[in-house]
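This report concerns only the one structure given below.
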Amino acid sequence: MKRRYYYLIRVQFLGFRYSGWQRQPGQRTIEGMLLKTLKYLLPKQKFKILGAGRTDAKVSALDAAFELIMEESQITDIPDFINTFNNNLPSDIKILKLDNIDENFNIIKDSKSKEYRYLFSFGQKNHPFCAPFMANILEDLDIDIMTKAAALFVGTHNFKAYTAKHGGNKKVIRTITSCSIIKNTEISASFFPKHSYVLAICGKGFMRYQVRMVMGALILLGRGMLSKEEIELSLAGDTDITIPYIAPGSGLVLSKLEFE
């Protein structure tokens, strides 16, 4: 039996140029770029990678992770490997850290918590340079009512209204440990608008579009197109309320990922 070597690799990326994490034919993706670079670095090596989750198109990450599984050969000089890896990746992807792990580690099931940040502004058109980092809502929003309503998502709820179409086997009962809207003091640039905001949300795991649809519901609330009571009803299991708006991907950042 061939011996295998397992590594947990931390990575960050700006997702604006990419069609999400998962490799897709004819599309530029984060996973595809990582595989292409690894094939160049390890031309005769059998390996595979497993992501900790899938990000949507244009979504970025400050702290994402993937598992590298290699057959027979192992990485002998980790700092040199990280340096060489980064030198051959595009400038919008960066390897942060590489740790040895064992075969019992499960990058999906051993996820302890994921923390997302959604950066947005509203009321006027932003400088074009903001586009990769911040969602720009042109309409005025009632930020006060949005800030108060963010707490409605904290706790264990039925989030079937906050994901893409799903089969009956999808786990729609999810627990959100924190959810708030705060003024943006985390990311700054000279071309950013005077006022911008962040939705900060944390939980063990999220379904496809879930965070963007939570943000979408809050935006609709801020525009007066959805009520606080409708948001409360949307989190009940026996509701027919749907959230018709998925917030743009470019404002979303996976900011922190923790494992058991």
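Only the coordinates and a few stated rules stand behind these numbers; no lab work does. What you are looking at is a predicted structure, and each value in this text was computed from that prediction instead of being measured. When we count neighbours, we look across all protein chains shown, and the Cβ atoms used for this are built from the backbone with ideal geometry, even at glycine.
State whether the stretch 47-126 is rounded, prolate or oblate according to the following rule on the C-alpha gyration tensor (a ≥ b ≥ c being the square roots of its eigenvalues): a/c under 1.5 gives rounded; otherwise a/b larger than b/c gives prolate, and the remaining case gives oblate. Because a/c hits 1.5 or more and a/b fails to exceed b/c, the stretch 47-126 counts as oblate. For the stretch 111-259, the dipole from Cβ point charges (+1 on Lys and Arg, -1 on Asp and Glu) about the Cα centre works out to 600 debye, to the nearest 20. Within a straight-line Cα-Cα reach of under 18 Å, K46 can be paired with the following lysines, leaving aside sequence neighbours fewer than 8 residues apart in one chain: K2, K36. Judged by the ratio a/c of the largest to the smallest principal axis of the C-alpha gyration tensor, the stretch 64-172 counts as oblate, that ratio being 1.5 or greater while a/b is no larger than b/c. A simple spin-label model places the labels of D80 and T242 5.7 nm from each other, with each point 7 Å out along Cα-to-Cβ.
For L34, the shell of other residues with beta-carbons less than 13 Å away shows a net charge of +4, using +1 for Lys and Arg and -1 for Asp and Glu.
For the chain, relative contact order (Cα pairs under 8 Å, six or more residues apart, normalised by length) works out to 25 percent.
When the helices in the chain are scored as -39500 (n - 2.57) per DSSP H run of 4 or longer and the sum is shared across all residues, what 222 nm value do you end up with, to the nearest 500 deg cm²/dmol? Please list the in-between numbers first.
Numbers: 5 runs with 50 residues, N = 260.
It comes out at -5500 deg cm²/dmol, rounded to the nearest 500.
Here the chain is assigned +1 on the Cβ of each Lys and Arg and -1 on the Cβ of each Asp and Glu. Its dipole about the Cα centre then comes out at about 720 debye. When the listed pairs K204/K256; K125/K183; K160/K204; K48/K94; K109/K228 are checked against a 23 Å cut-off, the alpha-carbon distance exceeds it for K109/K228. Using C-alpha pairs below 8 Å separated by at least 6 residues, the relative contact order for the stretch 85-151 is 21 percent. Over the stretch 111-259, Cα pairs under 8 Å with separation of 6+ residues give a relative contact order of 39 percent. Note on the chain: with a GNM built from Cα contacts shorter than 10 Å, the maximum mean-square fluctuation among M134, M146, M225 falls on M225.
Counting only whole DSSP H helices of the chain, there are none at least 20 Å long by C-alpha along their axis and with mean Kyte-Doolittle hydropathy no lower than 0.0.
Which of K2, K39, K94 has the fewest other C-beta atoms within 10 Å, and how do the rest follow up to the most? Can you show the working numbers first?
Values: K2 6, K39 11, K94 15.
Least to most surrounded, the residues fall as K2, K39, K94.
Between the alpha-carbon centres of the stretch 1-71 and the stretch 76-124 there is a gap of 9 Å. Here's the list of aspartates and glutamates a cross-link from K112 could span, going by alpha-carbon distance under 12 Å and ignoring same-chain residues fewer than 8 apart: E258, E260.
Within the chain, DSSP assigns beta bridges of which about 90% are antiparallel (rounded to the nearest 5).
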